[in-house]
Amino acid sequence: RFPPPNARKIHAAATLGAMDQNDATRWTNLGASLLIILAGGTVYAFGAYSEALKRKLHLTQAQLELAALCGNLGNYLGTAGFFYDRYGAVASAKFGATLIGLGYGLQWLLCVYFASEHAIEFLCVFCFVWGHGSGYL
């Protein structure tokens, strides 16, 4: 009726073996979670590179603040919650990461190849895109 004295050791060894099998998944999940946190927080790091952006695109302070506002508006637009409810966490994270990559990639292209007097219009759209992507994460 009572378990044998070494039953606890056998159960502990079996549990430890199961944890070893899941180590790769746990480390992958941890790495993905850290990347998601970093990507989602980039909207708050705009001030770290905004001065360089201002110099490169010859923006005024008011134009730079408008671009920052567009990023914040994209972040706080409420559609991400509906998307998450309908498609789930994985699809939401993938879609958000795609938007962030697209927005920052287009912003980089604007700075490197297409800097002009009309850069602010494009910059506002690109900031909105990466800001909106941050809202999905």
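The values are calculated or read from the model by the stated rules, or taken from the named source; none is laboratory data. Note that the coordinates shown come from a computational prediction; the quantities given were computed from them, not determined experimentally. As a convention, Cβ positions derive from the backbone with ideal geometry for all residues, glycine included, and neighbour counts pool all protein chains shown. Just the protein is used for accessible areas: all its heavy atoms, side chains included, with ligands, DNA and RNA removed. Shrake-Rupley method; radii C 1.70, N 1.55, O 1.52, S 1.80 Å.
Observations
- Thr28, sole failed condition from (1) modelled with pLDDT of 85 or more; (2) of a type in the set (Val, Ile, Thr); (3) open to solvent by less than 70 Å² (accessible area, probe 1.4 Å): (3)
- Residue pairs whose Cβ atoms lie under 8 Å apart, sitting 6 or more positions apart in sequence or on different chains, and linking a residue in the stretch 18-35 that is outside any helix (DSSP H, G or I) to a partner that is modelled with pLDDT of 90 or more and β-branched (Val, Ile, Thr), do not occur here.
- Sole residue being within 28 Å of Val125 (Cβ to Cβ) and modelled with pLDDT of 95 or more, chosen from Leu59, Leu35, Leu102: Leu102
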